[in-house]
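Chemist: This is the structure, below, for whatever I ask next.
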Amino acid sequence: MSTQAAFAAALLDPRLNCPEGLFSANGADPASRFAVYRNNVQSSLINALAHSYPVVAQLVGDEFFRAMAGIYLLGNAPQSPLIKDYGDDLADFIEGFEPAGSVPYLADVARLERLRTRAYHAADAQPLSHALIGAALADPQTLSELSVEFHPSLNLLTSAFAVVSIWAAHQQDATLAGIDLDHEQHALILRNGLDVEVFVIECGASAFIQNLQNGQPLLRAAASAPAFDLSQTLALLISHNAITHLHHNKVSP
């Protein structure tokens, strides 16, 4: 292992000794200086995770979160110079982290928080005017050929738990009392202007939106989804500026 690789590995793993070959310009003990630097790096990365996953941290408490994050660091060096990207796979880590097993919804809360971060940093796109959308939807002759393009920030999440209700409770300093934690929820996450919004939607609505994202025309996307309120779903998407383009494509018989 090169000195550079050993230095990077030791930065994230406190079990490793100070790499050989280091020296200090002022004569100070290299091991002591390295320990300070390592502590600063690890603290910065853990703080970044706490900033990206505030509800996860609240659910397990600061001490548990920081200990869990410290273990996550051991095998997960930053892969991007952008600190917002760090911890992109924390939810998968939590899912396999045995001490977190008593909070079975924790990984999905982390997934929701990561999708909110992605939505916030997603590319800008001009939403289609409500008038143009309304005119397209009012034309029955081309409705079967109509495909939809969404804002880049739009994402979906399906959870076996009441993940949106759990997350929302922590935006209002509320408790989880009264929430059926094992109630499946489907989440729609998108950025409307500068605000990232989270909605609970029907199972069928989630499947419909996924079908549209996969390129299916509107009527086929609706017909192949479980039963849901199409008008209500379209109204939600339109009113929150989720639609950026409509395309009229000839559908093969």
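Chemist: Given the structure, is ASP62 surrounded by fewer than 13 Cβ atoms within 10 Å (Cβ to Cβ), charged (D, E, K, R) and without any contact (Cβ under 8 Å) to a residue 40 or more places away in the chain?
Modeler: Spelling it out, ASP62 is indeed surrounded by fewer than 13 Cβ atoms within 10 Å (Cβ to Cβ), charged (D, E, K, R) and without any contact (Cβ under 8 Å) to a residue 40 or more places away in the chain.
Chemist: Looking at the stretch 100-120, which of its residues are acidic (Asp, Glu) and either at pLDDT below 95 or within 22 Å of PRO152 (Cβ to Cβ) (or both)?
Modeler: GLU113
Chemist: Counting just the residues of the stretch 119-133 that are in contact (Cβ under 8 Å) with a residue 40 or more places away in the chain and of a type outside the set (A, V, I, L, M, F, W, C), which one comes out surrounded by the fewest Cβ atoms within 10 Å (Cβ to Cβ)?
Modeler: For the stretch 119-133, the residue satisfying everything is GLN126.
Chemist: Assuming GLU113 fulfils every condition listed in (1) exposed (fewer than 15 other Cβ atoms within 10 Å of the Cβ); (2) in contact with a helix residue (DSSP H, G or I) (Cβ under 9 Å, 6 or more places away or on another chain) apart from one, which condition is it?
Modeler: (1)
Chemist: Still on this model: All but one of (1) within 17 Å of the chain's Cα centre (by Cα); (2) outside any helix (DSSP H, G or I); (3) in contact (Cβ under 8 Å) with a residue 40 or more places away in the chain hold for SER80, so report the exception by its number.
Modeler: (3)
Chemist: Can you name the condition, by its number, that GLY21 falls short on among (1) more than 30 Å from ALA168 (Cα to Cα); (2) assigned to a loop (DSSP other than H, G, I, E, B); (3) within 28 Å of the chain's Cα centre (by Cα)?
Modeler: Looking at each condition in turn, GLY21 falls short on (3).
The values are calculated or read from the model by the stated rules, or taken from the named source; none is laboratory data. None of these values were measured; they are calculated from a predicted model. Using ideal geometry, Cβ is built from the backbone for each residue, glycine included, and neighbour counts are taken over all protein chains shown.
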